[in-house]
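Values in this text are rule-based calculations from the coordinates and carry no lab data. What you see is a predicted model, and the numbers here were worked out from it, not measured in a lab. Here Cβ is always computed from backbone atoms with ideal geometry, including for glycine, and neighbour counts include all displayed protein chains.
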Amino acid sequence: MQNDVVTNGICSTESVNGSRDVWSCKDSDSLSADHLVIMVHGILGSSSDWKFGAEQFVKRLPDKVFVHCSERNMSKLTLDGVDVMGERLVKEVIDVIQEKPNLRKISFVAHSVGGLVARYAIGRLYRPPKEEVKEDTSGNGCKEEPMGTIGGLEAMNFITVASPHLGSRGNKQVPFLFGVTAFEKAASCVIHWIFKRTGRHLFLTDDDEGKPPLLKRMLEDYDEFYFMSALRLFKRRVLYSNVGYDHIVGWRTSSIRRDSELPKWEESFNETYPHIVYEEHCKACDADQYETISTEDDGSSDKLEEELCYTG
């Protein structure tokens, strides 16, 4: 059973299991929309968390996007672990793609722990490029290199909002613990009582058959999981971080920085988007530039967290 709603030319469907699809009610727009946007909520969340955002995407790009708000990991299911949630999201995305044969592109927009789930899922959805090289049609003598896909679709945008990419166990990674070392150490010991397997992943205490913590494994292609190859496919990779008033996910972990790398944002201002106080383009991938980044221990991170930050 599905509940269909029409609001200002935007159609949305909420299924009995909680999934939400949003698209333009105009037939010509819906037929031409070939870009799938997967929206993933955070811990203890639901597909309704992204209802407003999904409608805004369709309102702005009615003939371009079809939005699917994920439902396979709602409420207490978000406590089952990043990997378990990631596998569910993989199946959900495949189901949507199979139902919409006109899709050609895919993007992900994810909040909080949903960002980690999405990163896991794309590592499983990654399909390597085909062997053949496309013929040169430009006349400039260059052949177009084959590209991999995400579930058979062209990877466009990968966006996370306040996602704990470095985990939550470091100093001030969970702001409501006030940076008190005793509180942070205690949280690492008891977090699994509250947030179950997901808590272990966030605090880097998981040890599956002697493997490194999952968040560390997700920094590279690990076994049959193409975490980094998949992430590199996306034309745009953007992360949004709250510099204040976020009591659960600290600025450092959501922006993948050390304390010493956090910018002085008070003097920054974006006239177009005044709520954005600082903007930075991605770090160069050149190894020489990485060597110029200070790796001195400022006392705010442990060895594992430093590895996550350096590689990220």
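Is segment 76-130 best put as rounded, prolate or oblate by its Cα gyration tensor, with a ≥ b ≥ c the root eigenvalues, rounded for a/c under 1.5, and otherwise prolate when a/b is larger than b/c, oblate when not? Taking the square roots of the gyration eigenvalues as a ≥ b ≥ c, segment 76-130 is prolate.
Oblate is the label for segment 1-134, because a/c, from the alpha-carbon gyration tensor with a ≥ b ≥ c as root eigenvalues, is 1.5 or above and a/b does not exceed b/c. Could you tally the net charge around I159, taking each other residue with its Cβ under 11 Å from the Cβ of I159, Lys/Arg +1 and Asp/Glu -1? After counting each charged neighbour, the total is +2.
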